[in-house]
Structures are given as C-alpha cells and as structure tokens.
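*Asks:* I have a structure I would like to understand better, so I am pasting it below and will then ask my questions one at a time.
The values are calculated or read from the model by the stated rules, or taken from the named source; none is laboratory data. Note that the structure is predicted; figures quoted are calculated from it, not measured. Cβ placement follows ideal geometry from the backbone for every residue including glycine, while neighbour counts extend to all protein chains displayed. Side chains are part of the model used for accessible areas, which takes the heavy atoms of the whole protein and leaves out ligands, DNA and RNA. Shrake-Rupley method; radii C 1.70, N 1.55, O 1.52, S 1.80 Å.
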Amino acid sequence: AAAAAAQLGSAAQTVVQLVHWLCGQLRSPAHSERAVPSAVTALSVLLAVRDVRPLMVRSGGVALLAPLLRSCTGPHNMQLHYEATLCMWLLTFYPPALHAMSQSGAVSGLVEVARTASKEKVVRVAVLALRNIAEGGGEGEGGRGSDGAAAGSSGESGLIADEVALRKVVQNLKLRNFGDEELAGALTELEEGVVLRQKEASSWERYRQEVLGGHLEWSHAHTDEGFWREHAARLTDNNCQLLRVLTKLLEASREARTLAVACHDLGEFATHYPAGRFLVQDIGGKEHAMRLMVHADGEVRKQALLCVQKLLVANWRFIGQGGGGGGVGGSGGGEGRGDGHGVRRRRCCCCTWGLRRVTRCD
C-alpha cells in the first residue's frame, strides 16, 4: 500500500510538472510553429481530468490561452482554434477559472470565436462554454458543476460586459438553423439569459466590477443616460478610485475598445458630476485623452475627441441639445425663442439651463 501511495504521488508530481512545462511553452515557445499547437493539443486532453484544472489556473494558463482565441483564425489554424476553445470549455467546469477568464478577456474571445467560426464543432464548443460561464460554472451530469461547486455569480459578472455583442452573435447563429439539438438549446438559453440580465445591466456593482477588471465593453451601463445621472458621483468614492482606474486604462491599456469606452466614461462623468471636468483634469485624464486623439483606431479617436470637448466645455448638455440651430435671436431648431426677459428658452420636455438662469420649457 505504501508503494502504491508513493507511486501515485510520483505520478501526480509528474502531471504538475507537465502542466507547468506546457504553460511554459505557451509563454515562450521552443519552436516557432510546432510548440504552441502541440502544447494546446496536450492540454485539451489533460484538462478532461478534473484535478488538472486547478493546476492550469494556478500556472496562469487561462491568460495564456485567451489570446489564441482571437489569433488562431483562418483555415490553417482551425484545429488549434478548436482545441484552444475546447480547453476553455473544459475550464468552465472549474468555477475559480471563471474569474481568470473575466480578467484575461477570454469571454470576449469566446464570443469572437462563436461569431467567426465556420465549422459547427467550433461554434458548438464556444457556445457551450459561454453558456457555462453565464450560469456561473459548467453543469455536470448531476446538474452541478463537475468540480462539485454550485453555479455562482462569478461567471455572470465575467459575461455581462460582453452581452451586447453576445446577443447579436446568438441571434445570427440561430439563423443558421443548426441540426445539433444541444447547440440549439444552448443558444436559446443564452438569449433568454441575456434578456433577463440586461434588465439589471445598469446596476452599479456590475459596472464597478467591469472597470476594476480592466477590460471594458459597450455594455448598457456605459450608454445609459439614467445610469450616469444616478451614479456619476460614485466614481469619486474611495478617493476617486474608479475615476483613477479609468484614467490609468487610458495610459496603460492596449485594447482599442477599452480605450474608447474609458474615454466615453470620463466624458460622461465630466458632464454629469459638478466640477467633474476639473477632477478629471487633476488626475491626468485630459492629458491622456488628448494623446489618444491621434490613436490608430477610429473609434478611439472619436471618443477621445468627444471626451476632450466635454472637458473643455462648461455646460456640454446645453450645447449638445442646441444641435445646428441658429445664432442668438435666430430661429434655428436648437435655440428656441426668448421669453421677453433676455433669457433663451429651449423646446424640450423638462427644465433646462438657460443662458443666465434655469428656465422651464414652454
């Protein structure tokens, strides 16, 4: 019995070393063409063993696999694309891996795989992985996570940032009328889940988790006017923690979408929070936004320009509502008409700022 236990311990140690070595090959390939595909193939087999998944997470394997979901496109890389996605699906059955997926951008990578893959087997694995993430962990044959953990909220928080893109992808995939019943059912579950979660997509906690995660998407909270009216002041909590994180993302992030959304959010904060313009400038947001006005990505340039404009203009909402109207005293659509006391009125459905004092709409 002692010999058997020693033999088992030696085998476990060998597996640990193997997983570390494979992750090392993903990090620094020994061969430019064969090392990564061979390592991913081996991992797709090893991760079918439940006890290997914690080793993979502790070795940083999730962050190493995530870039492959985006870079392995094309017919020559189809098998690598499939196996990298398969690894992610197997990891979704280990709930602690879901947080690593959220942090590494693996969730958005899986959405991209589902959107672009031409082979049904690749789409199937990506969609099943996304379903597991949405449920907070994979469901085994017994209806619980295969590692014995109940579905939690970590997967949901990892997926929420990508739900706008996910819903479009799911709707397009349903048009392909897949014959696989499990795939069709997973698509239906994903769409229903997105609809339910979008009702809460503007919640502050979800937004906070997304910003702290460092990977921003155009989720509903960013573009919801009501969200900013209600929560703009909370960006100043804890010594402006989230405001500083957004500014840091402008400086350090290399993701075009993250840069664009961060610029947008700083502009919205400056618009909705009293003295928000000065706070953003004090922590360096204006400087970084101006630098991004010459970024290679068009969306980043657009959002950076809008952000700088909002930081320079004292009453952005008043000017923005004016549209292309005429000048003072003119009849342009945005200017409205005078009230006989030297104060301009604007045609809207609520109280708005006049040039000298707050006035009510007609």
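*Asks:* Which order do Ile133, Ile283 take when ranked by solvent-accessible area (1.4 Å probe, heavy atoms of all protein chains), largest first?
*Replies:* The ranking, largest first, comes out as Ile283, Ile133.
*Asks:* Express in Å², to the nearest 10, the accessible area of Tyr94 obtained by rolling a 1.4 Å probe over the protein heavy atoms while all chains stay in place.
*Replies:* It works out to around 40 Å².
*Asks:* Could you sort the peptides 107-118, 219-230, 296-307 by per-residue average Cβ neighbour count (10 Å cutoff), highest mean leading? Can you show the working numbers first?
*Replies:* Values: 107-118: 21.7, 219-230: 16.8, 296-307: 18.5.
In descending order of packing, they fall as 107-118, 296-307, 219-230.
*Asks:* Leaving out same-chain residues fewer than 8 places away, which lysines sit with a Cα under 28 Å from that of Lys121?
*Replies:* Straight-distance partners of Lys121: Lys168, Lys174.
*Asks:* A further question follows. How high is the relative contact order of the stretch 188-263? Use alpha-carbon pairs under 8 Å, at least six apart in sequence, and give a whole percent.
*Replies:* Details: 48 pairs, mean separation 24.5, N = 76.
So the answer I get is 32 percent.
*Asks:* Using the Karplus curve 6.51 cos²θ - 1.76 cosθ + 1.60 with θ = phi - 60°, what ³J(HN,Hα) values do you get for each residue of the stretch 277-284, in whole Hz, with x for Gly and Pro?
*Replies:* The phi angles translate into 4, 6, 5, 4, 5, 5, 9, x Hz.
*Asks:* Setting aside same-chain residues fewer than 8 positions from Lys310, which lysines have a Cα under 23 Å from its Cα?
*Replies:* Cα-Cα hits under 23 Å: Lys248, Lys286, Lys302.
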